[in-house]
Amino acid sequence: MRHYKEQRGQLTFEQVKPIADKIVMMPSCRRAVFDYYVHGKAVKDLKVNSSLIIPYLQDVYIKFIAGSLDDYRHRFLYSNDFNPNAKVVGL
């Protein structure tokens, strides 16, 4: 199973912001989430107690992975992106 540590410094601000907006957290934890995922800072360098920040990091990671799966499902079910017949109609 993948772990939230694999995404450290790998996400963009635009990917993290909608997820972080849905989670209620203290401003210091919010800033730490962005520092972790966008800037790649280690947990010990975030200036927030690790017992406070790790649940938020895990929650953001789970919602990021679930969001990408939901986006794929939505595109598969409700768009013609994966429909080979739809591409023929435009000719």
When every residue in the stretch 46-77 that is charged (D, E, K, R) and surrounded by 12 or more Cβ atoms within 10 Å (Cβ to Cβ) is compared, the one modelled with the highest pLDDT is Asp59
Among (1) at pLDDT 85 or above; (2) of a type outside the set (A, V, I, L, M); (3) surrounded by 12 or more Cβ atoms within 10 Å (Cβ to Cβ), which single condition is Asn80 missing?
(1)
In the stretch 32-48, residues that are touching a residue at least 12 places away in the same chain (Cβ under 8 Å) and in a helix (DSSP H, G or I) total 6
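The values are calculated or read from the model by the stated rules, or taken from the named source; none is laboratory data. Given the structure is predicted, the values throughout are model-derived calculations rather than measurements. Virtual Cβ from ideal backbone geometry, glycine too; neighbours counted across all protein chains shown.
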